Each structure stands twice: as C-alpha cells, then as structure tokens.
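A short worksheet on the structure shown next.
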Amino acid sequence: MSSEHRLRLGVALEGAGWHPAAWREPSSRPDELFTPEYWVELVRTAEAGLLDFVTIEDSLALQSSAFFEGDSRTDEVRGRLDALLIAARVAPLTSHIGLIPTVTTSHTEPFHVSTGIATLDYTSEGRAGWQAKVSGRVDEAQHFGRRTHPGGSYDDPEVQEFVGELFADATDAVEAVRRLWDSWEDDAEIRDVVTDRFLDAAKVHRVDFEGREFSIRGPSITPRPPQGQPVVAALAHAALPYRFAAGSADLVFVTPLDDRDAARIITEVTALDRTGEPLRVFADLVVALDAPDGETGLDRLARLDSLGRPLVSDTLVVGGSAADLADHLELLAALGYAGARLRPAVTTDDLPRIANDLTPELRRRGVFHDAYEAGTLRGLLGLPERVPNRFATV
Amino acid sequence: MTKQIILAAYVGGVNEHTLWEHPEAGSQIAFSTFKHVAQTAERGRFDYFFLAEGLALRARDGVIFDHDIAGRPDTLAVLASLAAVTSHIGLVGTLNATFNEPYELARQLASLDHLSGGRAGWNVVTSFDAYTGANFRRGGFLPYAERYERAEETVATVRELWDSWNEDAVAADKATGQFLADPSAGAFAHHGRQFDIEGRFTVPRSPQGRPIVVQAGVSPAGRDFAAANSDAIFSPYSRLAEAKDFYADIKQRARNAGRNPDDVKILPGTSFVLGDTQAEAEEKARHVKEQQLTDRTIQVIFEQVWNRDLSDYDPDGPLPDVEPDTTAPDFIQGRALIHGDRHATVAKWRALAEERGYTLRELAHEISGSADYVGTPTRVADQLDAFIQEDGADGVVLGSHLVPSGLDEFVDRVVPLLQERGSLRTEYEGTTLRENLGLPLPDRDGALVSR
C-alpha cells in the first residue's frame, strides 16, 4: 500500500460521545470528563489504533440542544475544558498522533491563537493542528460583550449578515496567525558569540496585518514552530464555510448525509479557488459500531435515543459492523475524499472499536497503514513537511 | 517554630540575565528545557514553577534586539504540557489582564487547574504600552488610569466565574439520568465599567476552587489591592532591611482587609551563584555579571533612560553629556522601564558617577545589582534561611543565568541543607498548590474555609 493513497482517519472527541445520552452507558465515565486521565486514555487508545489525528471540540459556551442559544437541560453533559490545553496536557504522553484542538476565531486574540498552537507544536514535537471555528451563538457573544448577536433564525437577513462577518473575521484570523507563524525564519536564531548576536534580526519580520476587525504588527514572540505551518482545519456545512476552508485551511471536515450528497459536496469543494496544496477533504461520520454482546450499532442508537433527546446529526450516522463502516470509507475514498473524521456515538465504546476492529479491517483491505510513517502531522496527512516561509528572501 | 521556606523556580529565558553564550546554555523554546527545570524543581520539593510572559519582542529604534536571548512559548500551553510530566509542583504563569478577556482567562486557568489536579496559579500583570498593544485588538488604546481599573475588574470577574459552579453541580447520575444537579450551573452576570457580560461559565469548579492569584504591588494602592486579593505577592525586595519593612506592611494591610496575614505569601525574585569556596563563588558571580553586561546591554540600559541613541558613547568613558529626550517616542520598546523620571534618574546617576569616578560600564555594574546569594552551599543555605526566619519574606522565586541546568546545583547542594535544618519539606504535604502553600480552600461566598 502506497502511503500517498491510503485512507486518513481522525476521531472527533466530544465529552462522553456525540449521542446526547452517551454518558449514561455502562462504559462511560461521566464523572471523569474533567480529569486529565480521561483525555490521556482516549488519545492513547486512538494512537494505539494508528489513527492520524484527534480533534477536540470546544466552544465558548455550554453545550446546548438549541442552535443559537443555551438551554437549561440537566440530562445531558454540560461543561467542558479548554481544548487547546487538553491537547497540550496529552502531548508529552503521546508520540505520533496529530492533536487538533478547536480554537475559536471570533473572540480569541489571533496573537494568542498563534502562540498557543505554535507552543502545542513544540510540546508535541510537530503534531499540532488547529480547528478554526467561528463563535456564532448568542450566548458566546454575551460572554464577551464585544459583539451584538442579532438573534433570531438562520434565515433572517441580519443573522446571515452577522455570520458573513464572522467568516470574514475568521479568514482574517487565520491569515494573521499564519503570518505570525512565519514571522521568524527557521534560521533566525544564530547564537553568534563572536558578534554578540543571538538573532539575525533580518530574519525576524513584522507581519503588519490589517484586517476588518483588528490589526497586528508582530513579529510573534514564539519562534517558527517545528512544522513551520501547523495544520489548519475547518468544519464546513455550506458554501460560505466551504470558501473559508478553501481559502484558509489545509483540511476541511464536511458533512454528507448520504452517498449522493458526498459526491455533490466533494465536487463543489474541490472546484473552489485555491492556491498551493489541494484541500484535504474529510467526511464527518457519526459512528455506532456493533457491540461484542450482539447488540447492533443501530439497536444501540435506538436504545440511546429512547433515554432522552434523540440524536439529531448534521451528518451521516453509520450504525453497523466494522466491515460496514470500512465499506463506506472505501466508497468515500473512491469519490476523492482523503479520509474521514469519525465521531464516536459513545466515546468509551466506539473509540476502542474504531481502534481495535475498524483499523485492522481497513488494513486487511490494504487501505490503511500498519505503522506511523511520519513524525509530524503534516507528514501523516501527506502535506509537504518543509513549508516555504512567506517572508524568506533567499 | 521554624518557618517553612516557599521555593519557586523561575524561567526568565528572554532577557539580558540569561547567558545564551554559555557553553552549557540550552534551547529557550524546546519543551525539554521547561521539563528539565520543572522536574528539577519538583525533585527539590519546590512549591511552584513560574513562567513569565512578554507579548512583544524587544526593539531598539524600531529594530528587533538581536543581542538578547528571545523567543518564548505561550504560557498556558507550556504549563498544561508540564502538568503531564510533573505530579506535585505548582504551575504558575503570567497572563496579562490588558490583552485577555475575563471569560477566556477564567476558563483557561480553571481548565489548567483541572488538568494539573489543582496546581494552577496566575500571576496578574497589566500593560499599557502601545508597542505591545499593536499585537492585539485593543489594549494599546487603554488610558493609563484605566489599566488598573481594568486589571482589578478582570481579577474580580474571573473570580466570579470560578465561583459560578457549585462543588457538587455535576451529579452524573446514570441511573436517574441527571447530569447536572442544578440547571443554572455556571450562571453569572457581571455588569461593571470595564465588562458587561453574562451567561454561563463552561468549566465546573476546579480542584483548588480558585487557582492561586499572584500579584506584584509596590505603590500604596497596589499594595492594598494585592494584600486584599492575592494569595502571593511577587516582591521586588530581596535585601533584608527593606524586605522586612515591605513584609510587615503587606501583612498589616492584609489584617486591615480582614484576612489572616498567613494567607498572603510574600516572595521576592532572587538569584544565586554557588562555589566550593567563598572566593570561587564570588569570582564566578563577577564573571557572570561581566557576561551579562555586554557592551550592547550597557548601551541599551542607558538608552532606555536617556531615550536616545547613545551608540557614539564609549562604555568605558564618562556618562553622556546630553539630557534625556522626554518628548521622543520610546527609543527602547518592549523592555519594562523601571526608572520613573528620566531627568531625576540621570541627575542621580551623574552625581553618583562624579562622586565615585564611574564610567558607563562601572555605573551599569553598580545599578544592576548582583546575585543575592553568593557563596558555598552552606553559606547560601544559612543566608536564605535567615532571610526567611527573620521575616524578610515567606520564600523566594529563584532564577538562574543558565537555562536549563542552572537550578540543578541548587537542588543538589543547597536543598538538602535546608531540609536538614527543617526549613524545607522533604515530601510534599498535599497534591494541590493550595495545600502545599498552606492556603485555605476558598468557598463560593468568598469566605475562606480553614483546613
């Protein structure tokens, strides 16, 4: 199997799982969701299955059953830790798997995002990524008091204008962060005792970014991270975020609801204007795998649905065996997808099954690796490991 | 009873005190550097590891300094990674109250507290300089008077957010299906002059209840605020006479604010040089100082106060014959100006140089001070212990001119002596920073619960 053509697989970590009732399963440890040991174990499980990366969900508001606002439910997991810090906590205890925390672009200072992800790249020795996410909710805006959210429904013109601004700012934020990552050239640090120069000042650059909402002079305080440019990812459901991903990201997570949808989306996304490396397109799938005790994935979903609020998903939900899921992944690969990001319905059940059942099945079919073939996340994703610096004059 | 010395290890990393020219100097940015210092400090039973922050590279006349060590990590991300490779030592970092929003600061620090099992601390600083502000959405535009108001309101708001979850708000009862015991867990509303925010906080109450808050406070208002609000104060006084005055003053202000004075720990930053004999240690200290005060560093020290280009002045010659320029924009940027009035400072230095016949270099050596603890391990242990027992402070924050291995010899040679005297623990008392500092666990109403 050539490593260029293998499937890439990631897992999206979200608390006890993507099903609202996941925390009630026997394997779940809902009282450990805020402990480091829980997260370390999950990422180590994913690494044992040779998965390429994990993403860690985050938001500047509590989880909610409503799209734009908070709720007052008490029967689902509420509360979460900062995703970038979870990734940093896990980094020294793992060695190959990519770590892609979500960090929002609408409120967080781009300067802090750039140094935070760059530092994760240092502490993980080249395994950092960033899922750039807009904060589109009313409650998130109220936690900062800086923007006024129009409220209402997504079809309202004011809401659409607001969302348009969020994506314009997200585009600015990614550009500013990427410039900051490049603001030190790789060989800026010279440590020349004879001339008493630690740096070659000509290789440390201002970024002079002027955006719609902010401007940043730079340079960064953090030297260029090991990957040069850590991996930038985005989740996208529609034309506007597709354009954001094509213009700003290395990876995009899309949400096809069926095979036809999957074909339509990849055609739309790959046709967008883009320079440089092709955008790596990953399909998001919620997965509930058959249990060893005979309960099928679909039966598990039905049982979980009956416990409270049923799962409402923005993307395809696959219930079945590891072989069923492998079939679907091969179909996606045939359509041109780089791979998939799997969202475990129940983290503590489906993540081990992905690692222990699905990946051997994919390996038997010759579409997945049997060892980590690169030391960086860029390398695992087939992106060039040496990225030219936009400020280098060579 | 013997007072227990609180020890913290400080990695400056990016300043003129760190000798990158030293043959044993390591990386200022590799994770292995921070890991080495934190693990060494933990081996020496230190209370906490401390990481400073600077949000803009230093510059001279618009050009980045090339002679000092530079390049540092994001404070929070490094501390979270260090939590994975240490088990007891506190993890304290500087985070700026001007260039961060309370909601984010509160969730990051509370997250770090969960991820470290209760070892997080926050050194609160403010900044008003437009040079640093140019890297952020706002802050550079904050009027001088407002930065303290913003800092105080930031700390207060962050505490409100930390207090927004009950200890038992997470029921996680699978049988009944109740995850939250309280549908309003995390609810908060803060309507102040600086922040008008409300909603719900995302992080359940962390192991320490509230992470430790460290502040520096020298002005009377700053002292009152720090004495009333902080768990520890980073003090500028490391010489016994002035340190004792500061110590007594802060403890009294804490009493006046209705606090137990033992609940405010006072810690000056300090440095050391060890030798097998006193003469060897003093010779080493002299050499370190010479290495630190390069011609470029001397020039920058004076250019910052004169606020003009002094490159034509010989460091081995007399002081510049010009007056400081108080109208020009800052000639040196991103380096804290510790001298207030430029004219008064220059006049004071001129008088000193005239009296003693100093050149610029000699004056630089005089004003930049020297390592506080220079001597054999026994002598350093004696002096440090005396400084604490005589109420110069509750402990010290130790830095070294050599990164990352500079702390090793202190831990190997001085720590055992302090332990023999009974002034330093041989095992940690607890697993949280609060427990090890002997600080009470706060309850949500602000009253402190004694242990």
Inside the stretch B:102-137, can you point out the residues that are within 11 Å of chain A (Cβ to nearest Cβ), out of contact with any Leu (no Cβ under 6 Å at 6 or more places or on another chain) and open to solvent by 10 Å² or more (accessible area, probe 1.4 Å)? B:GLU104, B:GLY117, B:ALA130, B:TYR131, B:ALA134, B:ARG137
Between a first residue in the stretch B:430-441 that is in a loop (DSSP other than H, G, I, E, B) and a second residue that is open to solvent by 10 Å² or more (accessible area, probe 1.4 Å) and among the acidic types (Asp, Glu), which pairs have beta carbons less than 9 Å apart while being 6 or more apart in sequence or on different chains? B:GLY438/B:ASP262; B:GLY438/B:ASP263; B:GLY438/B:GLU429; B:LEU439/B:ASP231; B:LEU439/B:ASP262; B:LEU439/B:ASP263; B:PRO440/B:ASP263
Expected single match for under 29 Å from A:HIS19 (Cα atoms), of a type in the set (Val, Ile, Thr) and open to solvent by less than 10 Å² (accessible area, probe 1.4 Å) among A:THR115, A:THR94, A:THR102 is A:THR102
Give, as residue ranges, the strands (runs of 3 or more DSSP E) completely inside the stretch B:160-233 that count at least 2 residues that are more than 9 Å from chain A (Cβ to nearest Cβ) and open to solvent by 10 Å² or more (accessible area, probe 1.4 Å). B:187-191
Go through the stretch A:58-85 and give me each residue that's β-branched (Val, Ile, Thr) and more than 7 Å from chain B (Cβ to nearest Cβ). none
What is the residue count in the stretch A:356-377 for residues that are under 21 Å from A:ASP284 (Cβ atoms) and open to solvent by 10 Å² or more (accessible area, probe 1.4 Å)? 3
Hey, can you tell me all the residues within the stretch A:127-147 that are within 11 Å of another protein chain (Cβ to nearest Cβ) and in contact with a Gly (Cβ under 6 Å, 6 or more places away or on another chain)? A:VAL138, A:ASP139, A:GLN142, A:HIS143
Limited to the stretch A:230-254, what total is found for residues that are open to solvent by less than 10 Å² (accessible area, probe 1.4 Å) and of a type outside the set (Phe, Trp, Tyr)? 12
For the stretch B:60-79, enumerate the residues that are more than 9 Å from chain A (Cβ to nearest Cβ) and either assigned to a loop (DSSP other than H, G, I, E, B) or open to solvent by less than 10 Å² (accessible area, probe 1.4 Å) (or both). B:ASP61, B:GLY62
Can you tell me which residues in the stretch A:9-42 are under 22 Å from B:ASP113 (Cα atoms) and away from chain B (no Cβ under 11 Å)? A:LEU13, A:GLU14, A:GLU41, A:LEU42
Assigned to a helix (DSSP H, G or I), assigned by TED's automatic domain parsing to the domain that holds B:ASP196, within 17 Å of the chain's Cα centre (by Cα) and closer than 24 Å to B:GLY334 by Cβ: is that true of B:LEU109 in this structure? no
Unmet criterion (only one of (1) farther than 26 Å from A:ARG378 by Cα; (2) open to solvent by 30 Å² or more (accessible area, probe 1.4 Å); (3) more than 14 Å from every other protein chain (Cβ to nearest Cβ)) for A:VAL163: (2)
Only one of (1) touching a helix residue (DSSP H, G or I) at 6+ places or on another chain (Cβ under 8 Å); (2) within 30 Å of A:ARG264 (Cα to Cα); (3) crowded, with 20+ Cβ neighbours inside 10 Å does not apply to A:LEU304, and that is (2)
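Per-residue answers, yes or no, for (1) aliphatic (A, V, I, L, M); (2) out of contact with any Leu (no Cβ under 9 Å at 6 or more places or on another chain); (3) closer than 30 Å to B:PHE188 by Cβ; (4) touching a residue at least 60 places away in the same chain (Cβ under 8 Å):
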{"position": "A:VAL138", "(1), (2), (3), (4)": "yes, yes, yes, yes"}
{"position": "A:ARG146", "(1), (2), (3), (4)": "no, yes, yes, no"}
{"position": "A:ASP155", "(1), (2), (3), (4)": "no, yes, no, no"}
{"position": "A:PHE198", "(1), (2), (3), (4)": "no, yes, no, no"}
{"position": "A:VAL204", "(1), (2), (3), (4)": "yes, no, no, no"}
{"position": "A:GLN227", "(1), (2), (3), (4)": "no, no, no, yes"}
Run A:GLU69 past the list (1) part of a loop (DSSP other than H, G, I, E, B); (2) open to solvent by 20 Å² or more (accessible area, probe 1.4 Å); (3) at pLDDT 95 or above and report the number of the one that doesn't hold. (3)
What about B:GLU290, is it modelled with pLDDT of 95 or more and either closer than 24 Å to B:GLY54 by Cβ or open to solvent by 10 Å² or more (accessible area, probe 1.4 Å) (or both)? no
Is it fair to say B:THR426 is of a type in the set (S, T, N, Q) and either within 23 Å of B:GLN215 (Cα to Cα) or buried (at least 18 other Cβ atoms within 10 Å of the Cβ) (or both)? no
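Okay, residues lined up against (1) modelled with pLDDT of 95 or more; (2) within 22 Å of the chain's Cα centre (by Cα); (3) surrounded by fewer than 18 Cβ atoms within 10 Å (Cβ to Cβ):
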residue	(1), (2), (3)
B:GLY375	yes, no, no
B:GLY399	no, yes, no
B:PRO442	no, no, no
B:ALA447	no, no, yes
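So which residues in the stretch B:33-58 are polar (S, T, N, Q) and within 14 Å of chain A (Cβ to nearest Cβ), if there are any at all?
Hits for the stretch B:33-58 are B:THR33, B:GLN39.
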Failed item, numbered, when B:PHE49 is tested on (1) under 16 Å from the mean Cα position of the chain (by Cα); (2) surrounded by fewer than 24 Cβ atoms within 10 Å (Cβ to Cβ): (2)
Which of the residues that make up the stretch B:34-46 are within 19 Å of B:GLY121 (Cα to Cα) and either in a loop (DSSP other than H, G, I, E, B) or open to solvent by 20 Å² or more (accessible area, probe 1.4 Å) (or both)? B:LYS35, B:GLN39, B:GLU42, B:ARG45, B:PHE46
Given the criterion touching a residue at least 12 places away in the same chain (Cβ under 8 Å) and either at the interface with chain B (Cβ under 9 Å from one of its Cβ atoms) or touching an Asp or Glu at 6+ places or on another chain (Cβ under 7 Å) (or both), identify the matching residue among A:THR55, A:THR94. A:THR94
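The values are calculated or read from the model by the stated rules, or taken from the named source; none is laboratory data. None of the values given here were measured: they were computed from a predicted structure. With ideal geometry, Cβ positions are generated from the backbone for all residues, glycine too; neighbour counts draw on all protein chains shown. To get the accessible areas, we keep the full protein, side chains included, count just its heavy atoms, and leave off ligands, DNA and RNA. Shrake-Rupley method; radii C 1.70, N 1.55, O 1.52, S 1.80 Å.
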